[in-house]
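Peer 1: A single structure is presented below for examination.
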Amino acid sequence: MNDLTDKIVSLCKRRGFIYPGSEIYGGLANSWDYGPLGVELKNNIKQLWWKRFVQERDDVVGIDAALIMNPKVWEASGHLKEFTDPLVECKKCHSRFRADQAEKNKCPDCGNKELSEPKQFNLMFKTFIGPTEEKADVAYFRPETAQAMFVNFKNVLDTTRKKLPFGIAQIGKAFRNEITPGNFIFRTREFEQMEIEYFIRENEWEAQFEYWKNQMIAWIKELGIDVKKIHEAEIPEGERAHYSKRTIDFEYEFPFGRKELYGLAYRTDFDLKNHEKFSGQNLKYRDPNPPAGGEEFWPHVIEPTWGVDRSVLTVLLESYREEKERIVLKLPTKLAPYKAAIFPLLANKPELIKLAKKIHDDLRKEFMVAFDDRGNIGKRYYSQDEIGTPYCLTVDFESLENNTVTVRDRDTAKQERIEIDDLTNFLKKSLGGD
Ligand code: GAP
């Protein structure tokens, strides 16, 4: 990898954000497990997304579908035939890799120039349903969450009475048998997506595409990502997914190169049309409004899609700072795993510990908060800075007299005294601020 990515990987392991998967068994290449802090960060990103794109909107509803679907879904969607990457084999060391990773037609492992012709390799993850491994029982882990939105289009329409334009959103796992996973959690075989299938009339696709492009940029800003490091790459015909008439990749300047962070695609009416063909069910939308009232058609679809794990990685890369005396994660406070840490100034003074524990118990009802009484205050600050905790609250002898604590700000290291009774309000106000 490279310097910064290595530092992030090491911090993630050391502090409990992300561990190598199945580590006690020597690991499983390119699989990663989120630890106690990582799951908080990841959940905060997912909750922020759900709030922004589902909770606060009239025109988007959510679903949470089974991730193993009827295999016919993947016939209809075209994935069984088209969801492939070109795979090349080195004739000398027999390593296999994606054709686009063979720089100057050289094997990336041994440098040999004798490579096989590219072969199309299907990325679908196969499994079997039931106790036999018969062909009839073959099923697939979904390679994208999107298809569940198309398959449930009619159900959602019938139960919510939504009118065009409207969207269906989902957050969930997707699986791909990637030929060359790597770069930490950037490309793995199991990952999470946050997707919206936004159903529209065909004639508005260009305006809606533009609208969703801006929504995606607004989201990128909300995560605190520097938009100067984001590039919109127009994907040319021939390189787009089989269903797409226009695709933009939002690429980010990762330390290991400029690569896709998120994507935006115009899927036309490809999916609904094919699901109608393969399922025999009418998946058209009936226009309720005059003058076209009663007309039936397949809505077209704009699809903004966000990788959860790539969001986590980008947020970590963006917030990592090495300062003179500390490493600090300048996470947007909304995303920080702990919102505050509570310390008794001295670990051997029962009255300080009692008050600090009480504050901890009160605050934890509203926020994820930490408690630390180990080492000296300086070490505790250092430890919380490294995981991005925005505020450290210290209970000292003055606290016992005037019911205040010192509140130290992660970014400025400035301290102020705040009334214990005001802490909840202070945190609510300060945490809503970015
Ligand atoms: N439904 C459209 C779709 O799945 P995609 O560009 O193949 O489009 C969407 O995937 C997003 O999922 C990507 O922009 C990326 O953030 C994330 N993603 C894709 N493959 C991934 C992988 N192997 N590991 C981690 N994230 C991945």
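Peer 1: For the list (1) closer than 30 Å to Ile129 by Cβ; (2) open to solvent by less than 30 Å² (accessible area, probe 1.4 Å); (3) β-branched (Val, Ile, Thr), I need the number of the one condition that Ile68 fails.
Peer 2: Failing condition for Ile68: (2).
Peer 1: Considering only residues that are part of a loop (DSSP other than H, G, I, E, B) and within 21 Å of Lys173 (Cβ to Cβ), which ones fall in the stretch 124-138?
Peer 2: Residues satisfying the conditions are Met124, Ile129.
Peer 1: Residues to consider are Lys173, Lys162; find the one that is part of a loop (DSSP other than H, G, I, E, B), open to solvent by 10 Å² or more (accessible area, probe 1.4 Å) and not small (Gly, Ala, Ser).
Peer 2: Only one candidate qualifies: Lys162.
Peer 1: Could you pull out every one of the strands (runs of 3 or more DSSP E) wholly within the stretch 390-434 that has 1 or more residues that are open to solvent by 60 Å² or more (accessible area, probe 1.4 Å) and polar (S, T, N, Q)?
Peer 2: 415-419
Peer 1: Look through the stretch 260-276, keep the residues that are within 30 Å of Asn2 (Cα to Cα) and in contact with an Asp or Glu (Cβ under 6 Å, 6 or more places away or on another chain), and return whichever of them is surrounded by the most Cβ atoms within 10 Å (Cβ to Cβ).
Peer 2: Gly263
Peer 1: Moving on to the next point. Output the residue which, of all residues in the stretch 149-173 that are over 16 Å from Leu272 (Cα atoms) and without any contact (Cβ under 8 Å) to a residue 60 or more places away in the chain, is nearest to the ligand (Cβ to nearest atom).
Peer 2: Only one residue tops the list, namely Thr159.
Peer 1: Can you pull out the residues in the stretch 296-323 that are open to solvent by 10 Å² or more (accessible area, probe 1.4 Å) and assigned to a strand (DSSP E or B)?
Peer 2: Once the filter is applied, which keeps residues that are open to solvent by 10 Å² or more (accessible area, probe 1.4 Å) and assigned to a strand (DSSP E or B), the stretch 296-323 yields Glu296, Phe297, His300, Thr305, Gly307, Tyr320, Arg321, Glu322.
Peer 1: Shifting gears a bit: Criterion first (outside any loop (DSSP other than H, G, I, E, B), in contact with a Cys (Cβ under 9 Å, 6 or more places away or on another chain) and hydrophobic (A, V, I, L, M, F, W, C)) does Phe121 satisfy it?
Peer 2: Values: outside any loop (DSSP other than H, G, I, E, B): yes; in contact with a Cys (Cβ under 9 Å, 6 or more places away or on another chain): no; hydrophobic (A, V, I, L, M, F, W, C): yes.
No: the conditions fail for Phe121.
Peer 1: Out of (1) basic (Lys, Arg); (2) in contact with a strand residue (DSSP E or B) (Cβ under 7 Å, 6 or more places away or on another chain); (3) away from the ligand (no atom under 16 Å from the Cβ), what's the single condition that is false for Arg310?
Peer 2: (3)
Peer 1: Here's a follow-up. Return the pair list, or none, for Cβ contacts closer than 6 Å from residues in the stretch 384-410 that are in contact (Cβ under 8 Å) with a residue 24 or more places away in the chain to residues that are among the basic types (Lys, Arg) and in a strand (DSSP E or B), at least 6 apart or on different chains.
Peer 2: Correct list of pairs: Cys392/Arg408.
Peer 1: Condition check: crowded, with 16+ Cβ neighbours inside 10 Å and assigned to a helix (DSSP H, G or I). Does Ile359 satisfy that? Steps first, please.
Peer 2: On the way: crowded, with 16+ Cβ neighbours inside 10 Å: yes; assigned to a helix (DSSP H, G or I): yes.
Yes; evaluated as a whole, the condition is true for this residue.
Peer 1: Does at least one position in the stretch 197-204 carry a residue that is within 16 Å of the ligand (Cβ to nearest atom), in a strand (DSSP E or B) and either open to solvent by 30 Å² or more (accessible area, probe 1.4 Å) or of a type outside the set (Ser, Thr, Tyr) (or both)?
Peer 2: For the stretch 197-204, residues within 16 Å of the ligand (Cβ to nearest atom), in a strand (DSSP E or B) and either open to solvent by 30 Å² or more (accessible area, probe 1.4 Å) or of a type outside the set (Ser, Thr, Tyr) (or both): present.
Peer 1: Residues that are farther than 24 Å from Lys13 by Cα, among the small types (Gly, Ala, Ser) and modelled with pLDDT under 95: does the stretch 338-353 have at least one?
Peer 2: Within the stretch 338-353 (the criterion being farther than 24 Å from Lys13 by Cα, among the small types (Gly, Ala, Ser) and modelled with pLDDT under 95), the answer is yes, since at least one residue qualifies.
Peer 1: Going through the stretch 286-307 one residue at a time, which ones are away from the ligand (no atom under 16 Å from the Cβ), at pLDDT 95 or above and hydrophobic (A, V, I, L, M, F, W, C)?
Peer 2: Selection gives Phe297, Trp298.
Peer 1: Separate question: What residue, of Ala336, Ala341, Ala413, Ala370, is within 20 Å of Leu48 (Cβ to Cβ) and small (Gly, Ala, Ser)?
Peer 2: Among Ala336, Ala341, Ala413, Ala370, only Ala336 is within 20 Å of Leu48 (Cβ to Cβ) and small (Gly, Ala, Ser).
Peer 1: Related question: Can you report the number of residues in the stretch 42-97 which are under 26 Å from Gly432 (Cβ atoms), in a helix (DSSP H, G or I), in contact with a helix residue (DSSP H, G or I) (Cβ under 6 Å, 6 or more places away or on another chain) and not charged (D, E, K, R)?
Peer 2: So the count comes out to 1.
Peer 1: Might you check whether a residue that is surrounded by fewer than 12 Cβ atoms within 10 Å (Cβ to Cβ) and farther than 24 Å from Glu325 by Cα occurs anywhere in the stretch 369-388?
Peer 2: No, the stretch 369-388 contains no residue that is surrounded by fewer than 12 Cβ atoms within 10 Å (Cβ to Cβ) and farther than 24 Å from Glu325 by Cα.
Peer 1: I'd like the full set of residues that are open to solvent by 70 Å² or more (accessible area, probe 1.4 Å) and part of a loop (DSSP other than H, G, I, E, B), limited to the stretch 98-118.
Peer 2: Hits for the stretch 98-118 are Lys106, Pro108, Asp109, Lys113, Glu114, Glu117, Pro118.
Peer 1: Do we have Leu283 as away from the ligand (no atom under 16 Å from the Cβ), open to solvent by less than 60 Å² (accessible area, probe 1.4 Å), touching a residue at least 60 places away in the same chain (Cβ under 8 Å) and not in a strand (DSSP E or B) here?
Peer 2: yes
Peer 1: Another question, then. Identify, by number, the condition in (1) more than 29 Å from Trp32 (Cβ to Cβ); (2) surrounded by fewer than 20 Cβ atoms within 10 Å (Cβ to Cβ) that Thr180 doesn't meet.
Peer 2: Tallying (1) more than 29 Å from Trp32 (Cβ to Cβ); (2) surrounded by fewer than 20 Cβ atoms within 10 Å (Cβ to Cβ), Thr180 fails exactly one: (1).
The values are calculated or read from the model by the stated rules, or taken from the named source; none is laboratory data. From a predicted model like this one, the values you see are computed outputs, not experimental measurements. FYI the Cβ positions are ideal-geometry reconstructions off the backbone, even for glycines, and counts take in every protein chain you see. Areas reflect the complete protein model, heavy atoms only, side chains present, ligands, DNA and RNA absent. Shrake-Rupley method; radii C 1.70, N 1.55, O 1.52, S 1.80 Å.
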